[in-house]
1. What FRET efficiency do you get for Ala171 and Arg137 if R0 is 22 Å and r is their Cβ-Cβ distance, rounded to the nearest 0.05?
2. Can you list, largest first and rounded to whole Å, the semi-axes you get for the chain by taking the square root of 5 times each eigenvalue of its Cα gyration tensor?
3. With a 10 Å Cβ neighbour count serving as the proxy for reagent exposure, in which order, fewest first, do Tyr52, Tyr187 appear?
4. Rounded to the nearest 0.05, what FRET efficiency do Thr15 and Glu66 give with R0 = 35 Å and r taken as the Cβ-Cβ distance? Could you check?
5. Would you mind checking the radius of gyration and Dmax of the stretch 11-122 based on alpha-carbon positions, in Å?
6. Could you line up Asp97, Asp13 from fewest to most neighbouring Cβ atoms inside 10 Å?
7. Counting pairs of alpha carbon atoms under 8 Å apart in space and at least six apart in sequence, what relative contact order in percent does the stretch 3-61 give?
8. Averaging over every viewing direction, what projected area does the convex hull of the Cα atoms of the stretch 3-61 cover, in nm²?
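Rule-based calculations on the coordinates, nothing more; no lab input. Just so you know, these numbers come straight off a predicted model, no measurement behind them. Methodologically, a virtual Cβ is constructed for each residue, glycine included, from the backbone with ideal geometry; neighbour enumeration extends over all protein chains shown.
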Amino acid sequence: MSIARRLTEAIMDGTLAPGSQLGEAELAGELGVSRGPLREAMQRLVQQGIAYSEPHRGVFVTTLTEDDVRDIYLARTSVESAACRLILRRDPGASADRLVRVHEAMADAAGRGDHAALSAADTELHHVLVAESGSVRLRRMAETLFVETRMCIAALQDKYPVPEVMVEEHAAIIEAIRAGDEARVLYLMDEHMQDAVRRLTGTPEEGAEEPPQVLAGP
């Protein structure tokens, strides 16, 4: 695993907490690497926006505000809705099958009360969804958003969605993809993202009206 990836994982799981300084000497010792490659990795994190640099002070882990949370999920809604549209124009049944396999791991983790496994499965399912679009650029844009999402969740564990709700929301999205119902997929994706914002910020937001059900043909 690359140095940048190891640092990113530590930020995502809260080991490197928001606002904490990325000390070169300490991290080089902990990771068993020299300072040159470590500096390069830290600059990559700065470029991604998950860390920031202060002149004469060093590099620090970004602290996300409620406005950041809203912006992250706004961007995710755009990226993942676009991914869903592309999936529906490709092979929605095959994509749904692949999403179901990850969803099964999510349901299993929820049943066991394993929060870490549930979070990992949640992230993996959204990775797969964007990958199924076939768009390299959507995948690239999603990567940083997924890291920032994990940062939000690590900092606000007590506001993380109820496991059963997560499982149900993702199941409904997968079912709508399999049915090829674009209006419902986009509605459910928007509601899923808005629900996350409401939970993470504690601020109710007006949701979209549910579209009429579209019955599958014979």
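1. 0.20
2. Each semi-axis is √(5λ); the values are 34, 18, 16 Å.
3. Tyr52, Tyr187
4. 0.90
5. Just the Cα atoms of the stretch 11-122 yield Rg and Dmax of 18.9, 54 Å.
6. Fewest to most other Cβ atoms nearby, the residues stand as Asp97, Asp13.
7. Over the stretch 3-61, the number comes to 41 percent.
8. The directionally averaged projection comes out at 3.6 nm².
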